[in-house]
Structures are given as C-alpha cells and as structure tokens.
Amino acid sequence: MRQLVMGSFALIKFAMVTLLAATVVMVFVNAVLRYVFASGITVSEELSRWCFIWMIYLGGILLLKDDRHLQVTLIRDSLPAPLARGARVAVLLLVAGLCAVVLSGSWQQMNLSWSTRAPASGLAMGWLYLSGVVFGLCSIPVLLYEFWLQITGRPPFAGYRSSQDAISD
C-alpha cells in the first residue's frame, strides 16, 4: 500500500515537471514568435494558463503531504503539548472540510462546463475544473490520514515539526 501511495506522489511530481516544461516551451516559443516574427500562437497563452492552474492544484497536494503549506504557528507553539496536538487535529479537520468544499464546487462546475468550449483551444472547460476535483480527491485522504495519525499518537506522515523544532536545529 505504501508503494502505491508513494508511487502516486511520484506520478504527481512527474506531472508537475511535465506541465512546467510544457509551460516554459509554450511561453518561450510564443515570446520568440512575437518579438522576432511579429506573430504568435494564440492557443499557447490559454494552454500555459491551464498548465499553471493544474500545477497549483497538484503542488497543493504535495504540500499537504509534506506539511509545507504556509502556517501561522505562533499560538499553537505557545500551547502545552496536549493542547497543541488538539489544535493540530482541529486544523486538520477544518482544512479537510475546506477541501471538501473545493471538491464539491469543482465537481459542480466541471459538470456544468463540459459543453462550454475554451475560446482559443476549443477544449471543454470541464478539463480545467477537473483540477479542483483531483485536488479534493487526493488531499482529503492525505488530511484524514494525518488526522488519524494525530489522534492515535503515531509519528506524523509528513514529518511534522513545530517552528520551535526547526529553530533549534
């Protein structure tokens, strides 16, 4: 099971690298065409924006797994250990709930947008909103697993450390 999960994260990293490379190529080629030949590829602007949106959502999944999202830990770090752990559990549940809202909204928008076409590429807009669905489907299990580890007292999946631990290193 662990190999399957880690393989999934490796696949996400590969997808992000591929999307970044595609974005760089599209933007570079379009810039050269505009400045050298006074023309451009209209679809490259739209597709590079879509690649960027997908990279953001996929990166969000990896950040959740590694517990690398921006956090304000001032209050939690000043609490005694049991209360800090309780605060961590509450935050995990809150973030999982927010990811469920993103999943629900993206699912609805995706289903509404399959018949709508993007102006430059002609692709179904549902593909764009699928990124939010993928984010929700992948991030909620990561958060719930981290929640389960917290309440059972096991070491965190992400190697969670407080900011005080990071300072003392």
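Brief remarks on what is shown
- Listed values for the range 139-146 are Karplus-derived 3J(HN,Hα) couplings in whole Hz (6.51 cos²θ - 1.76 cosθ + 1.60, θ = phi - 60°), namely 7, 4, x, 4, 5, 5, 5, 4, and x replaces Gly and Pro.
- Average Cα contact separation per residue, the chain, under 8 Å, 6 or more apart, as relative contact order %: 24 percent
- Fewest-first sequence of Ile12, Ile151 by Cβ atoms within 10 Å of each Cβ: Ile151, Ile12
- Comparing mean-square fluctuations of Val89, Val101, Val133 from a GNM of the chain with C-alpha springs under 10 Å, the top value falls on Val101.
- Length gained when the stretch Val17-Gln71 is fully extended (0.36 nm per residue, less Cα-Cα span): 16.9 nm
- For the options Met26, Met110, Met16, a Gaussian network treatment of the chain with springs between C-alpha atoms closer than 10 Å singles out Met26 as fluctuating the most.
- FRET E, pair Phe9, Trp107, Förster distance 25 Å, beta-carbon r, rounded to 0.05: 0.65
- Figure legend: label point modelled 7 angstrom from the Cα of Ser121 along Cα→Cβ; residues of the range 6-26 with amide N under 11 Å from it are 23.
- Remark: the chain carries a charge dipole of roughly 160 debye about the Cα centre, counting +1 on each Lys and Arg Cβ and -1 on each Asp and Glu Cβ.
FYI, it's all coordinate maths here, none of it is from the lab. Quick caveat: nothing in here was measured; it's all calculated off a predicted structure. Cβ: placed from backbone, ideal geometry, glycine included. Neighbour counts: every protein chain shown.
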